[in-house]
Each structure stands twice: as structure tokens, then as C-alpha cells.
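Accompanying notes for the structure given below.
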Amino acid sequence: MVVSQTALNIAELIEADKKHYLHPTTVPKLFVENGPKIIFAKGEGVRVTDVQGKSYIDGASMLWNVNLGHGNKELAQAAYDQMTTIAYSSSFYGYSNEKAVRLAEKVVSIAPGDLSAIFFTSGGSESNDTAFKLARFYWDLKGRPTKKKVISISRSYHGATVSAGTATRIEGFHSFSGSKDPDMVRAKSHLTNCELGDRNDPNYEGCIRDVIEKEGADTIAAVILEPIQGAGGVHVSPDGYLQAVKALCEENNILLIADEVICGFGRTGKMFGVDNWNVVPDIMSVAKGITGGYAQLGGVLISKEIRDTIVQYDKILGHGFTYSGHPTACAIGLKTIEILERDNILENVNNMEKELKKGFAYLTDKYRYFTKSRAVGLLAGFELQQDREADLPFAETVRPATFVVEQCFKRNLILRAADFEKGKDIVAIAPPLIINKEEISEMINIIDAAMTEFEKTVK
Ligand code: PMP
């Protein structure tokens, strides 16, 4: 009786989902035909369970955000304590609240260099839109109102709001609905050699330096970069790249925005992604890991120079979100950072990176199609290629990354495929930062089995 009742409830839930819930980043037509792939019910540590009771390792930390794993009671308690103290308080018109202040102070204390103030948002897209606005506003205040353009690089993901979506260089997101911020300019990423091309071509795309020269530094407010590109396929900045872009920005009076939405708060084994290269950006966007996914919170850190300039402004700052500095989200953020520091989570990330790399070495030896594995902390991935020696991809019809991710899913491991680009078949791995050695080997064993299955289809 209980079982059939549950089955009935699930069937009804699926029907309601198909009918009333328009899902983000999902194929609508397939969704209304097939319904949800999975309905998550609960989670504990690195594992999640669906409504049918099937358990999975969350090898993607959902959307690279559940950094402290699921079911963390301390974070829940921090939320409960705050919610029962005051439901919400505004940060507009000079109003403030203790948790937002304490979190601002804390984040600034762990942030690199002279980043000295934070503007709170509700997530990564809002953070990047805010970063663009603050960069443009800063130049207005400096008497340089022509500096409005923002350069972003190929394969970057910066969000889904109009400006962040335009800065995003993954087709589909970039052009969705045709709403665009006209002041976004694209440059080639560090994965591409820079041929100069024809600068009169409207689709001209050079490297950052060439784009600055072509557009004119006096029109450019900022360059935005992810220290390690996430959604674009876990592309790690080569050593020296961020330093070179920073120097280029300084040379041209352009602000450097680091999009730390994925990298921030320990994901890469350092507190922030830029710390891997000792680069201090002028502006830094954060979200996701700041609360480990337990609440919607983001923020934009600004350098002392930008902060000192903005605080001279004597009119209302025409920017803000209802949930900027939400006390519950900030209480969770504070607790998240406390746990990261108290439990030496970064040390675990660095140790688990080594375990993951051992697993990658084993898979590289065993499978000729397994290649280009990388891991910086627990931001990791590998590629599938027809001929890795010759750097030859599989034919477009093969979709090996999607196949391997599906095979892992069947074996109760959730990973993510990044194969939106022709010739790039990438599997991304980003488990919660609290993962242990046994759980890493469980993941590797599942990938091993999925690769065996894939090999069968190729032979
Ligand atoms: N920047 C990066 C690097 C991201 O990965 C994401 C989200 N995947 C965003 C920005 C946007 O964040 P949100 O979805 O919270 O708006």
C-alpha cells in the first residue's frame, strides 16, 4: 500500500513537473515528452538520493556549488538561528544587519591583495552584472565616461542575465532570445594561438591585446576572466596568462574582473582561483561556494582604489537587489567560511586532488581515448579523443563525453559533459570538497566501467 501510494505520488509529481515547471538549461520539448531525468529527494555528504530511493555520488557538487556536501547540520542550524532572529532586513537607504557586516569583513580578510569591500547579490549572474556596472561607474567617476566595453574570452561562462549572458561566450547562452548588451567584446582565449586576422571584419576576434588595440583602450572598462573556465570545459589558465592579462590591463587603464563564481572558496585548493597565480584583480565576483549552495548569495569585491572612489559619490547608488545582504544567506556564508577554515578543507582538497590525479593516470594508461586530464584542487576534467597522439577528436556524431556521463549516471555517479563545441568532448568533475579517498576511488571505478562500455561502442 505504502509503495503503490509512493509510486502514485511520484507519477503525479512527474506530470505536474512536465505541465507547470519550465526548467532552466533543459531542452523544453524533450522535457515535456520525457519528464525529469531525476527528482532529488535528499542528500548526505557527497551522496544524493532520488525519490525512488536510488543513491548517487554527486561528482559535480550539483552546479559546482555544494562544496561542503549535503545535509550539513551546522549550516542548517546557522540558517535556523538567523531566521528565528529576524526574517529579513533591507540593506537599502543606509539600513544594515550584523551578519552582512560580519560576512563582508570576513570575506575581505581572506580575499587577495587590497580587495577591500563587497557588494552583495543573490548569485553569480547578478554579481557579474554588478561587476560590469561598478567598473563602468568607476570610470564615470574618474571622468572617463567613454570606458564602457567589457572584453570576455571564448568559452567563458559568466551567467544568464543580459550583460553576463552577452559576456558568456558559449553559443546558446550568448545569443538566447537575442537580448544583448552591445558593449561586450569578445577575444580569443588562451586555448587559441592568436592570428591577427582582418580587423575590419565585423566578427574580428584576436587575443586580448589585439582587441584592446582595435577597440581603443579609452572605450574599454574591463576584462573579465574565469581563472579556470568551468562550464566552458574546465580550461586552466596557463601559467603566466593571468599575470600577463593583469599587466596588459594596468598598461591600458582597464580593470581586471576575476569571475570566481566557481573557483572561489576553496574549489581549486586555494581560497580563490587567482591565488594559484598570485594575481590580484581589481574586481572579483563570487557566489556558489560562499554558502556551499545552502542559500542564494553572491558578491562583488572591489579594490581599495575603486572603493575609495565610489565612497566619494554623494548621490544615491542606483543599484541594489532586495536580497543584497540577506541575513540568513550571510549567516550561512559566515558558517561556511568558518567550517572551511576550522576543518582544514583546503588541505583535504589538495590531498584529494592527488588521489584524483592517480586515478586519471590509471585511466590514461588503460584507455587510449582518455586524455588531457586536469585537476586544480577539485576542479577537474578529462577529454575523449579518437587519436590523442595526433590530437584528433571523434566525429561529431559520436558524442563520447555525453555517452560516458550517461554510463556513469547509470552506475550512480553524477558528472557533467561539456561537449557543446565541435571537436571538444570534455567531462567535468567537481565533487564536494569534503570528499574522501574511498569516495574518489569509487568515482574512478565508475568512470573506469563507463570507459570500458564506451570502448565497446568504438571497437
Ligand atoms: N560565473 C561562472 C563562472 C559560473 O560558473 C556561473 C554559474 N554556473 C555564473 C557566473 C552564474 O552564476 P548564477 O547561475 O548563480 O547566476
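Rounded to the nearest whole Hz, the Karplus-based 3J(HN,Hα) values (6.51 cos²θ - 1.76 cosθ + 1.60, θ = phi - 60°) of region 330-337 follow the sequence 5, 5, 5, x, 4, 5, 4, 5, with x at glycine and proline. Plainly put, region 215-290 has a radius of gyration that is 0.98 times its Kirkwood radius, both from alpha-carbon atoms, as the Rg/Rh ratio. May I ask you to derive the relative contact order of region 75-342, considering only C-alpha pairs under 8 Å and at least 6 residues apart, and to give it as an integer percent? Relative CO of region 75-342 lands at 29 percent. With an a/c value of 1.5 or above and a/b not larger than b/c for the gyration tensor axes a ≥ b ≥ c computed over the alpha-carbon atoms, region 6-65 is described as oblate.
In plain terms, if you count all Cα to Cα distances in the chain and split them into 20 Å steps from zero, the share in each step is 24, 57, 19, 1 percent.
Computed from the C-beta positions of T452 and W277, the FRET efficiency with R₀ = 22 Å rounds to 0.05. Charged side chains reduced to their Cβ positions (Lys and Arg at +1, Asp and Glu at -1) give region 1-157 a dipole of some 780 debye around its Cα centre. With both labels modelled 7 Å from their Cα along Cα-to-Cβ, the S177 to D314 distance reads 4.0 nm.
Normalised by the number of residues in the chain, the mean separation of alpha-carbon contacts (under 8 Å, six or more apart) gives a relative contact order of 19 percent. Report the FRET efficiency, 1/(1 + (r/R0)^6), for I86 and S116, where r is their Cβ-Cβ distance and R0 is 30 Å, rounded to 0.05. Plugging the Cβ-Cβ distance into 1/(1 + (r/R0)^6) gives 0.65. The Cα-based radius of gyration of region 306-459, divided by its Kirkwood radius, gives an Rg/Rh of 1.15.
In region 311-377, taking the dipole from charged Cβ atoms about the Cα centre, the farthest positive-side position among Y362, V349, A375 is held by Y362. Put simply, the convex hull of the Cα atoms in region 75-342 casts, on average, a shadow of 14.1 nm².
Starting from the Cα gyration tensor of region 350-417, take the square roots of the eigenvalues, sort them a ≥ b ≥ c, and report rounded, prolate or oblate (rounded when a/c is under 1.5, otherwise prolate if a/b is larger than b/c, else oblate). Oblate shape, in that a/c is at least 1.5 and b/c is the bigger or equal ratio. Think of each Lys and Arg Cβ as +1 and each Asp and Glu Cβ as -1; about the Cα centre, that makes the dipole of region 75-342 roughly 380 debye. The slack in the chain from A244 to L13, taken as 0.36 nm per residue of separation less the alpha-carbon distance, amounts to 77.9 nm.
Tell me, what is a quarter of the convex hull surface for the C-alpha atoms of region 92-134, in nm² with one decimal? Walk me through the intermediate numbers first.
Numbers: hull surface 14.8 nm².
Across all orientations, region 92-134 yields a mean hull projection of 3.7 nm².
An oblate overall shape is assigned to region 74-117, the ratio a/c of its alpha-carbon gyration tensor axes (a ≥ b ≥ c) being 1.5 or greater and a/b not exceeding b/c.
Toward the positive end of the charge dipole of the chain, with +1 on the Cβ of Lys and Arg and -1 on the Cβ of Asp and Glu, the farthest Cα among A221, W64, V234 is that of W64.
Rounded to the nearest 500 deg cm²/dmol, what is the calculated helix-only ellipticity per residue at 222 nm for the chain, with -39500 (n - 2.57) per DSSP H run of length n ≥ 4?
Details: 14 runs with 175 residues, N = 459.
Calculated mean residue ellipticity at 222 nm is -12000 deg cm²/dmol.
Using R0 = 56 Å, the C-beta based FRET efficiency linking E44 and D140 works out to 0.70. Counting only DSSP beta bridges whose two residues both lie in the chain, roughly 65 percent are antiparallel.
Taken together, the values in this text are just the output of simple stated rules run on the coordinates, not laboratory data. This one's a predicted model, so the numbers in the text were calculated from it and none came from an experiment. Every residue, glycine among them, receives a Cβ derived from its backbone with ideal geometry; neighbour counts consider all protein chains shown.
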